[in-house]
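S.K.: One structure follows; several queries about it will come next.
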């Protein structure tokens, strides 16, 4: 029996069966849809996600709240009391203060549980990027890696993660302070679909603009071809905010290009969807 658990917060996306079969734990996160406050416990039911994105399309405002160090302490302590340590995959420090909060909690818990550890990984990632790292950590644990060995192994891959995604409307990212007002206004005109990535500092940057969804989806496929390296990792995540037609078209193109690829298709967590809006499509992999 392993002496540590693998956790990720609810902003991450991971294949539901893989998470359930391997005991992945989720730090819950709160979000709102209109006036209603909700809690995401990870791997939300697709019907719940569909209602969320339909709500956004209908004009419901969405926002998220921060995980406090106290909330982290309460959550991690239940594992430490059971004699387990924790390997935790956290939303990018370039997008949120959750990593800082988890580190404060880990330091406080060390005093109460000196023989246990909480090791947060600043993934510099979101959504399926966290899922890829968690999957690799699962395999490392099966091979018998210790907590510290696993932490070092997955942390070494963080700089190789590649996130490329398109959005329908930059105003969602603007409201959350992720892009400037000027960028949002230009991107929302003329059916322009912005292409963004998460950079080496874990922050969002716009890298391209395409006119129309099909051209934007094709651009994501191009980034796949330029970055895919099966020697590093054959798993990719294609996550969408309720745009299944575009996602399946991208899946088809990827499978035609690389027969050996392992594709994980998930709907985007509401924690990230609250800031990207409906119709977002992402291509996430460990790249060259």
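The values are calculated or read from the model by the stated rules, or taken from the named source; none is laboratory data. Quick caveat: nothing in here was measured; it's all calculated off a predicted structure. With ideal geometry, Cβ positions are generated from the backbone for all residues, glycine too; neighbour counts draw on all protein chains shown.
S.K.: Condition first: without any contact (Cβ under 8 Å) to a residue 24 or more places away in the chain and farther than 26 Å from residue 18 by Cα. Now tell me which residues in the stretch 85-134 satisfy that.
M.R.: Within the stretch 85-134, the subset without any contact (Cβ under 8 Å) to a residue 24 or more places away in the chain is 99-100, 103, 107, 110-111, 114-115.
Scanning the stretch 85-134 gives 100, 103, 107, 110, 111, 114, 115.
S.K.: Still on this structure: Looking only at the stretch 141-175, count how many residues are assigned to a loop (DSSP other than H, G, I, E, B) and either crowded, with 17+ Cβ neighbours inside 10 Å or out of contact with any strand residue (DSSP E or B) (no Cβ under 9 Å at 6 or more places or on another chain) (or both).
M.R.: Of the residues in that region, 7 qualify.
S.K.: Take residue 154 and tell me if it is closer than 16 Å to residue 9 by Cα and under 24 Å from the mean Cα position of the chain (by Cα).
M.R.: When the stated conditions are applied, residue 154 does not pass them.
S.K.: Give the number of residues within the stretch 205-228 that are closer than 17 Å to residue 159 by Cβ and in contact with a helix residue (DSSP H, G or I) (Cβ under 9 Å, 6 or more places away or on another chain).
M.R.: So the answer is 1.
S.K.: Residues of the stretch 43-55 being crowded, with 19+ Cβ neighbours inside 10 Å and either more than 16 Å from residue 278 (Cα to Cα) or modelled with pLDDT under 95 (or both), which ones?
M.R.: Those that are crowded, with 19+ Cβ neighbours inside 10 Å and either more than 16 Å from residue 278 (Cα to Cα) or modelled with pLDDT under 95 (or both): 43, 44.
S.K.: Would you point out which residue out of 92, 102, 40 is in contact with a helix residue (DSSP H, G or I) (Cβ under 6 Å, 6 or more places away or on another chain), modelled with pLDDT of 95 or more, crowded, with 21+ Cβ neighbours inside 10 Å and farther than 25 Å from residue 3 by Cβ? Reasoning before the result, please.
M.R.: Values: 92 fails: in contact with a helix residue (DSSP H, G or I) (Cβ under 6 Å, 6 or more places away or on another chain); 102 fails: farther than 25 Å from residue 3 by Cβ.
Criteria check complete, one pass: 40.
So that you can scan it fast, the table gives a plain yes or no per residue for (1) crowded, with 24+ Cβ neighbours inside 10 Å; (2) over 25 Å from residue 264 (Cα atoms); (3) assigned by TED's automatic domain parsing to the domain that holds residue 93:
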| position | (1), (2), (3) |
| --- | --- |
| 109 | no, yes, yes |
| 115 | no, yes, yes |
| 118 | yes, yes, yes |
| 127 | yes, no, yes |
| 130 | yes, no, yes |
| 139 | no, no, yes |
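S.K.: OK, next. Suppose we filter the stretch 8-28 for residues that are outside any loop (DSSP other than H, G, I, E, B) and either assigned by TED's automatic domain parsing to the domain that holds residue 238 or over 13 Å from residue 88 (Cβ atoms) (or both); how many remain?
M.R.: Residues meeting the conditions: 6.
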